[in-house]
Amino acid sequence: MARSADRNMLHKRVSRYGFCVIDAIDREILRLLQNDGRMSATALAARVGLTVAPCHRRIKELERAGVLTGYRAVVDPAAVGLGFQTLVFVTLRDRTQMLAFEEAVGRHEQIVKADRLFGDPDFLLKVIAADLPGYQQFYDDVLVNLPGVEKLTSTIVMKTVKEEAGLPL
């Protein structure tokens, strides 16, 4: 009974503080799923040395704890007509518009990544478009009108050398 209470307390701590204690098997599950999110539970269990049921329970617990936050397909931007990429450095006039800016950025699908930075500039955006005229249209219609923008500096991506990789688990 005490073990069950301890386990429930651990689950509450995990949820409340946003951390999760993971062991070597959990790390291996995470590493394998980062490389192949479509791997079946049967194949995953075999690779980590578990039977299917305990492996599935671990996956569900990692999802519940917020360690595994989703699964997605990786699409080649050029193959779908979105091969033009820019990095946009954004400086805000003042910090009072920070939240409004962040909310507005979240509403635009062409902004595929946004990072808030320490220092100057305030943000780094990754924007995709079909081509230069498409980006210019987005710049003129959207970026310059985002809340609080003082300065935008665009850098065109010449070549992607390394795609965003999984975590080094």
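Things to note:
- For the criterion of being surrounded by fewer than 16 Cβ atoms within 10 Å (Cβ to Cβ) and in contact with a strand residue (DSSP E or B) (Cβ under 7 Å, 6 or more places away or on another chain), ASP141 fails.
- Members of region 112-129 that are open to solvent by 20 Å² or more (accessible area, probe 1.4 Å) and either among the hydrophobic types (A, V, I, L, M, F, W, C) or under 15 Å from THR153 (Cβ atoms) (or both): VAL112, ALA114, ASP115, LEU117, PHE118, GLY119, ASP120, PRO121, LEU124, LYS126, ILE128
- Unmet requirement for HIS108, which otherwise passes all of (1) over 17 Å from the mean Cα position of the chain (by Cα); (2) within 30 Å of GLY134 (Cα to Cα); (3) not charged (D, E, K, R): (1)
Per-residue answers, yes or no, for (1) assigned to a loop (DSSP other than H, G, I, E, B); (2) in contact (Cβ under 8 Å) with a residue 60 or more places away in the chain; (3) loosely packed, with under 12 Cβ neighbours inside 10 Å:
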| position | (1), (2), (3) |
| --- | --- |
| CYS55 | no, no, no |
| ARG58 | no, no, no |
| GLU63 | no, no, no |
| GLY66 | yes, no, no |
| ALA73 | yes, no, yes |
| ALA79 | no, no, yes |
| PHE89 | no, yes, no |
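- Within region 91-111, the only residue that satisfies the criterion of being β-branched (Val, Ile, Thr) and either open to solvent by 40 Å² or more (accessible area, probe 1.4 Å) or at pLDDT below 95 (or both) is THR96.
- Counted residues, region 132-158 - those being farther than 18 Å from VAL75 by Cβ and assigned to a loop (DSSP other than H, G, I, E, B): 5
- Those residues of region 32-53 which are assigned to a helix (DSSP H, G or I), open to solvent by 40 Å² or more (accessible area, probe 1.4 Å) and modelled with pLDDT under 95, in sequence order: GLN34, ASN35
The values are calculated or read from the model by the stated rules, or taken from the named source; none is laboratory data. All of these numbers come straight from a predicted model, not from anything done at the bench. Glycine gets a Cβ as well: all are built from the backbone with ideal geometry, and neighbour counts include every protein chain shown. Side chains are part of the model used for accessible areas, which takes the heavy atoms of the whole protein and leaves out ligands, DNA and RNA. Shrake-Rupley method; radii C 1.70, N 1.55, O 1.52, S 1.80 Å.
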